[in-house]
Structure formats: structure tokens, C-alpha cells
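Notes for the one structure printed next.
The values are calculated or read from the model by the stated rules, or taken from the named source; none is laboratory data. Quick caveat: nothing in here was measured; it's all calculated off a predicted structure. So basically every Cβ, Gly included, is an ideal-geometry build from the backbone, and we count neighbours across all protein chains shown.
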């Protein structure tokens, strides 16, 4: 599930962080789903457990996951987490680019209406 | 914790290590990078108490290592030269190490040995290079020391064995806070296994920090700046951009496109370049391999020079 690219330039902990968010956005991971333990994920990927732990900490800090001591880490409710911010930031970037190449606000607005139907 | 303070090691009058300070916290997997002859193996040999330093101290868990049997019981060093005891069988070699390491686990040794099917009663001189390596690695893991020093250790291991070793390291790191120090030229391996790295050059430490901050702090930038007029592109010199407070390691310009390697936080770099009005500004992180090459270039260890001559 957490296939990451060990050859990539992007730090492993950052990839894990983003991957988790992607899986939530795509609906693969749902509220209260349990994440693999640091140990099993580190073993599966063949990476340093401190790195996995670090991305879990970062996810928890941004309220994307929560942990229950002795039981593991779970996906938080999306409305409470920063998954929304993550998607909106992406959206902002696309809007900026669209504006830069001359797409008008009205075009963008009607596009939103179309897509969100 | 491993602490090196003011460490100097000489061979004849040549300073292999020159007044080095380095701290390796417990539970980390620490990678030593550096050019050939930078002093990586020398550091490992000093930590394992094989060498006596000319100056400074090597402390492990607050104690001097040299000639200190109690501390050495907690350290296993896998040399980059394969096993010396050619006339021993694997069983004899195992018993030899077992006599020094009190936490040696027969159970773990047997589990590992049977996994990779290494013969117990054959002499090591009948082993291939890779098998000798496997032999010493499984003995090392079975010794269950607090510290494991690996000098080019992944060399000569096949991909399956590499995964076995990595998984063993994960367990040991979680279960008993194992500290590993790995020297390697295989930067991909370091990238996967380590959480902190130090870069050595000519017996000095260039930097020592956690891997993510190394990778997050150096970037490849591709930029195009707003032209003065449609016909007249901007030409900035490296000095002009450095003048904005951007720390540039490498500067290249191809027509209107700038290729820059710069240090610092992504957002900071963006902010500093903003006054020059970039129309295109792509910032991507560097691979560890590229970081190595550019850091070395700054130190005058430059592959371009060799290409020119």
C-alpha cells in the first residue's frame, strides 16, 4: 500500500507523509483505519524505523492521524485534520497557474460548478 | 552514545583524522560518507578500540574504549576485509566470537544460518567472498551488541541478504536501541538505512546532521527571470544572486535558463529570488549522490577538473 520510491530525491519521511494523505484522499484509508506499525512498515520497505516514526509524528502533529498508546496509529476525521489544507494548497497552485496563462476567473468558476456537480 | 572529541589520528606524520568532534546518539543509524582516504574506516577502527588515538578521546556510553573490555563487549565491528580465520569452520568462528560476547544468541544464529543455508562444518577458505561476508554478518547480529559498526558492510551481499540484514536492523533498533555506524560509498543504501550522516573530507568533518535536514537544505533550481524587454533577456551573474543572500554552490546558465544549486530552505530561497521576478522557478531536492558531488566540488574535489585535463 505504501509503495515509495527509494531512489527518489524526495526524503523518505516526506514521501510517507504525502502517501498517507493521498490514500486518505482516494478513500483507501478511512476514518479510524489503523496504520501499520512502525516496525512492520520499516521492515516492509527496508527503511530506517526512525524515519517511519518521524513521518507518523508529523502526521499526528497535523492531526491527520491519532495514536492510542499500546494500540497504534489511526486515521483522524478529515474535517479535523489538515488533509483539507493540503488539497486546497494544491488547488491554489493550479488556480495561480491558470490565471498566469490567461484563464479568466469566470471560466474557472464555471469549471468548478461543472466539476463539482 | 558515541562521542568523539578533538580526535586526531596520525599514520607516521600524516594526519588521517584532524581534531574531529562527532556525537552519535543511541538508537540512530549513522552513515559516514566521504571521498576515498577521507578517514571513514579510521573512525570506525577508533570507535571499536583497535587504534589508539594520538589526540582527543573516544567515549562509548561515557567510557574510554581503548583497552576497555567491558565497553568492547557492547561493540561489534565488521571490517571491510573479509574474515581472517581461513582455517576455521563457521562453527569454530561462531564459538570464537561467542566467547567474547556475553549476549550471543545461539537461537538467533541458527535461525539466520538456516535461512541462508550456510554450512556449519566447512572451512572458511572453501567459502566464496559473499559467503564469508554472510558468515560474519550473521555472527555479528547474533552477538546482539548495542553498537554495530559496518565498514562497507553491504558490499558483497546479495539483494536477499541485504533485505534480511535491513530487517534485522529494524528489529534491533526498536527492541534494544541498537546504534549502527555505517561507512559506504553506496549512497542509495545510506539513504535507506540511515537517519543521520556525516561527510568527511581530508580527515575533517564537513557536516554532521540528520539526513532529512541535509536533503531538505540543498536544492536544484531551474529559473527563468523576467526579461528586460521581449528581445533583451536578463543576465544575472552569480554574484548578483549571491548578493540577495542565496548561498550558491553551483551556477550554470544556458541562454535564459539558470541552473543553480543552492543551500537553504525552499521558501527562503523563493523569497530571496522574488525581487528578480522569476517567471519560472522550479526547485527540486537533490539526491544524496548529487549532494555529495556538489559539496565535494566546493571543497575542490571536482570531477570537472579531471574531465578538462
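Scanning the range B:177-211 for residues that are more than 12 Å from the chain's Cα centre (by Cα), within 14 Å of another protein chain (Cβ to nearest Cβ) and buried (at least 21 other Cβ atoms within 10 Å of the Cβ) yields B:178, B:179. Screening B:125, B:191, B:117, B:186 for residues that are touching a helix residue (DSSP H, G or I) at 6+ places or on another chain (Cβ under 7 Å) and in the same structural domain as residue B:28 (by TED's automatic domain parsing) leaves exactly one candidate, B:191.
Among the residues of the range B:248-263, count how many are exposed (fewer than 14 other Cβ atoms within 10 Å of the Cβ) and in contact with a strand residue (DSSP E or B) (Cβ under 7 Å, 6 or more places away or on another chain). The total comes to 3. Meeting the requirement of 2 or more residues that are over 30 Å from residue B:288 (Cβ atoms), the helices (runs of 4 or more DSSP H) wholly within the range B:1-120 are B:69-72, B:90-98, B:106-116.
Within the range B:191-211, restricting attention to residues that are part of a helix (DSSP H, G or I) and touching a strand residue (DSSP E or B) at 6+ places or on another chain (Cβ under 7 Å), the residue that is nearest to residue B:162 (Cα to Cα) is B:193. Only a single criterion out of (1) part of a loop (DSSP other than H, G, I, E, B); (2) outside the structural domain of residue B:28 (by TED's automatic domain parsing); (3) out of contact with any strand residue (DSSP E or B) (no Cβ under 7 Å at 6 or more places or on another chain) is not satisfied by residue B:144, namely (2). Among the helices (runs of 4 or more DSSP H) confined to the range A:1-65, the ones with at least 2 residues that are more than 19 Å from residue B:211 (Cα to Cα) and within 14 Å of chain B (Cβ to nearest Cβ) are located at A:38-45. Against the criterion of being farther than 29 Å from residue B:32 by Cβ, out of contact with any helix residue (DSSP H, G or I) (no Cβ under 6 Å at 6 or more places or on another chain) and either at pLDDT below 95 or away from every other protein chain (no Cβ under 14 Å) (or both), residue B:145 does not qualify. Apart from one condition, residue B:140 fits all of (1) more than 22 Å from residue B:7 (Cβ to Cβ); (2) within 11 Å of chain A (Cβ to nearest Cβ); (3) surrounded by 17 or more Cβ atoms within 10 Å (Cβ to Cβ); the exception is (2).
Just one of the listed residues (B:171, B:158) is within 12 Å of another protein chain (Cβ to nearest Cβ), on the phi < 0 side of the Ramachandran plot and without any contact (Cβ under 8 Å) to a residue 40 or more places away in the chain, namely B:171. Screening B:280, B:224, B:214 for residues that are in contact with a strand residue (DSSP E or B) (Cβ under 8 Å, 6 or more places away or on another chain), closer than 30 Å to residue B:43 by Cα and within 14 Å of chain A (Cβ to nearest Cβ) leaves exactly one candidate, B:214. Looking at the range B:21-41, which of the residues that are closer than 21 Å to residue B:11 by Cα and surrounded by fewer than 22 Cβ atoms within 10 Å (Cβ to Cβ) is nearest to the other protein chains (Cβ to nearest Cβ)? Among residues in the range B:21-41 that are closer than 21 Å to residue B:11 by Cα and surrounded by fewer than 22 Cβ atoms within 10 Å (Cβ to Cβ), the one nearest to the other protein chains (Cβ to nearest Cβ) is B:22.
Tallying residues that are more than 10 Å from every other protein chain (Cβ to nearest Cβ), assigned to a loop (DSSP other than H, G, I, E, B) and touching a residue at least 40 places away in the same chain (Cβ under 8 Å) within the range B:283-303 yields 2. Every condition in (1) more than 23 Å from the chain's Cα centre (by Cα); (2) surrounded by fewer than 17 Cβ atoms within 10 Å (Cβ to Cβ) holds for residue B:155 except the one numbered (1). Of all residues in the range B:166-190, those that are over 14 Å from residue B:32 (Cβ atoms) and touching a strand residue (DSSP E or B) at 6+ places or on another chain (Cβ under 9 Å) total 4. Which one is surrounded by the fewest Cβ atoms within 10 Å (Cβ to Cβ), of the residues in the range B:76-85 that are farther than 19 Å from residue B:113 by Cβ and touching a helix residue (DSSP H, G or I) at 6+ places or on another chain (Cβ under 7 Å)? By that ranking, first place goes to B:80.
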